[in-house]
Structures are given as structure tokens and as C-alpha cells.
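Peer 1: Dropping the structure in here first, questions after.
The values are calculated or read from the model by the stated rules, or taken from the named source; none is laboratory data. Every value quoted in this text rests on a predicted model; they were computed, and no experiment measured them. Neighbour counts run over all protein chains shown; Cβ positions are idealised from the backbone, glycine included.
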């Protein structure tokens, strides 16, 4: 449990939220835009692209220049959240849609 508490202290919740929202955004608004013929891979690429752009904008405007440790925090938050979205959130949303017929 101590490991998870230490890991949670290293996350920037705003970056995690940006990545998760980017996944939902690309599902809703970027259906016609394709990067790959494989739909699962295409979805992951679009999520990475949209979240990278949104996270870069967030980091550029809100970066604390006096605290160099933020870069590690942003890095861990971004890659942790992209994995979280692809491995947990997306399958959960698909499961809910299958159960509700949506």
C-alpha cells in the first residue's frame, strides 16, 4: 500500500484528467479521421495524439519554472494515464455499452 501512496503523490491529477477526457473526445469527434487501418490501434493513436497536444498546452501555460521536479510528475502522469485509459477505462465503457445496448 505504501508503494501506491508514493505513486499517487507523483501524479498530476490534471494531466490524468486531460488524458482521460482526450480519449472520450477522440471517440466522439474524431471518428472520420484515421491514422491506422486497425480500429483498436487507431483509437489508441488518436488518444495519444490528442492527449499529448492538450497536455503540452497545459504544461506550457502552467509549468512552475522554479520546480524542476514537475517534469517527472508530468511524465509519470501522462504515461500512467494513457495506460489507464487503454487498459481499464475503455474496456469498462465498452462493457457498459454492451450491457445497456448503447
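Peer 1: Consider region 1-31. How many of its residues are modelled with pLDDT under 85 and assigned to a loop (DSSP other than H, G, I, E, B)?
Peer 2: Of the residues in region 1-31, 5 are modelled with pLDDT under 85 and assigned to a loop (DSSP other than H, G, I, E, B).
Peer 1: Counting just the residues of region 34-66 that are over 25 Å from residue 91 (Cβ atoms) and in a helix (DSSP H, G or I), which one comes out modelled with the lowest pLDDT?
Peer 2: Within region 34-66, the subset over 25 Å from residue 91 (Cβ atoms) is 56-66.
Filter again for in a helix (DSSP H, G or I), leaving 56-62.
Working: 56: 85, 57: 87, 58: 85, 59: 81, 60: 81, 61: 81, 62: 74.
Only one residue fits best here, namely 62.
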